[in-house]
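Below is one structure; the comments refer to it alone.
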Amino acid sequence: TAHHADVVTGPLDRADWHDGAEIVIDATASATVRAKLEHVRRRDPQNATIITAVVGHTAEHGLVTIAAPGYSGAGEDSFRATKLACLRAKRLDGFRSEFWPDPPRTDLFQPEAGCSSPTFRGSGAEATALAATLLTAAASDLQDLGSNAIAHVVALPTAAHDGTRSARLELPPATVLSSAGRRFEVRVGYAAAGQIRAGIESARRRLGPRSETGGVLFGERDEAVGVIWIDEATAPPPDSHETPQLFLCGTEGVET
């Protein structure tokens, strides 16, 4: 059944944004839609799996994520997690440079100036090959998601590409601190949570069980989505003060 409406001001403005479906596929490749869906899913959780797909700027690379209902976020969250995974693994550098180039790409293709958002250039065969590959990959993971998200990245055989041409990435959920405030939801990534726990245990060994401790947190705050992501946590800088009454975080060795 087809419904014609602005998805941002229509379905994504309702508490039942999923329209009763068990699976929602976001194939818009729109950052605005992805951010709005992340926001409304946080505000009104529903029992729907979210599949988010994009193709590269020349229709030679593809990316799809599958976020289970119990996962800590939607497409924006799983895209961030995929980006971090690509930054950390040299074998995925080709996908990092395609989807998150540094500096950002400036040679954008806009088919109708003043009307459409920038999109990709490519043949029908390339677009069909990527769409079929991404949809098949997403479907293969629907039964065994648990509370995780899964990402698939793929490069066509003819693409200029560094590293492996396909990969399946498991994205564990973040620890969600919903009590942090009404304006923001804080999501502590799996790696950051491990670093924080390790820091607490280190302080316990060094200072005993009663001392305050801490460190420096790195991540991202998104005002529109209403999420603060914590991706990395460090040990206390050397000039920090840790006592049972106070932790005063130092600045030595911290780049600003």
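Using all pairs of distinct alpha-carbon atoms, the Kirkwood hydrodynamic radius of region 134-256 works out to 17.8 angstrom.
Tell me, in nm to one decimal, what length is gained between residue 1 and residue 106 on full extension, where the rule is 0.36 nm per residue of separation less the Cα-Cα distance? Don't jump to the answer; show the numbers that get you there.
On the way: separation 105, 0.36 × 105 = 37.80 nm, distance 3.82 nm.
This chain segment gains 34.0 nm when fully extended.
Across region 59-72, rounded Karplus estimates of 3J(HN,Hα) from the backbone phi angles (6.51 cos²θ - 1.76 cosθ + 1.60, θ = phi - 60°) give 6, 10, 10, x, 9, 9, 10, 10, 10, 5, x, x, 6, 6 Hz, Gly and Pro being marked x. Using equal-weight Cα scatterers in the Debye expression, the normalised intensity of region 127-191 in log10 at q = 0.12 Å⁻¹ is -0.49.
The residues 142, 63, sorted by heavy-atom accessible surface at 1.4 Å with ligands and nucleic acids left out, run 142, 63 from largest to smallest.
Among the protein heavy atoms of the chain, carbon and sulfur supply 53% of the accessible surface, probe 1.4 Å, non-protein parts ignored.
The chain has equivalent-ellipsoid semi-axes of 37, 22, 17 Å, by the square roots of 5 times the alpha carbon gyration tensor eigenvalues, sorted largest first. Taking the Cα centre of the chain as reference, the dipole from Cβ charges on Lys and Arg (+1) and Asp and Glu (-1) amounts to some 560 debye.
How large is the accessible surface per residue of region 1-133, computed with a 1.4 Å probe and reported in Å² as a whole number?
Working: 6910 Å² over 133 residues.
For region 1-133, the solvent-accessible area averages 52 Å² per residue.
As a calculated quantity, the FRET efficiency between residue 198 and residue 21 at R0 = 35 Å, using C-beta atoms, amounts to about 0.30.
For 14, 204, 34, write out the residues from largest to smallest accessible area, computed with a 1.4 angstrom probe and no ligands counted.
Numbers: 14 85, 204 110, 34 40 Å².
Result, largest first: 204, 14, 34.
Ranking 194, 10, 25 by how far each Cα lies toward the positive end of the dipole of the chain (charges on Cβ) leaves 194 at the top.
Largest first, how would 133, 32 line up by accessible area (1.4 Å probe)?
Result, largest first: 32, 133.
Assuming a ≥ b ≥ c are the square roots of the Cα gyration tensor eigenvalues, decide whether region 1-115 counts as rounded (a/c under 1.5), prolate (otherwise, with a/b larger than b/c) or oblate. Please report the intermediate quantities before stating the final value.
Values: a/c = 2.30, a/b = 1.37, b/c = 1.69.
It is oblate, given that a/c is not under 1.5 and a/b is not larger than b/c.
Only Lys, Arg, Asp and Glu carry charge here, each on its Cβ (+1 for the first two, -1 for the last two); on that basis region 26-132 has a dipole of about 380 debye about its Cα centre.
Taking GluC sites (Glu not before Pro) in DSSP loop conformation with at most 16 other Cβ atoms inside 10 Å as exposed sites, the chain has its longest uninterrupted site-free stretch at 113-211.
The values are calculated or read from the model by the stated rules, or taken from the named source; none is laboratory data. Everything quoted here is computed from the prediction, not taken from an experiment. Please note: Cβ atoms are built from the backbone with ideal geometry, for glycine as well, and neighbour counts cover all protein chains shown. Quick note on the areas: whole protein, heavy atoms, side chains included, nothing else; ligands and nucleic acids left out. Shrake-Rupley method; radii C 1.70, N 1.55, O 1.52, S 1.80 Å.
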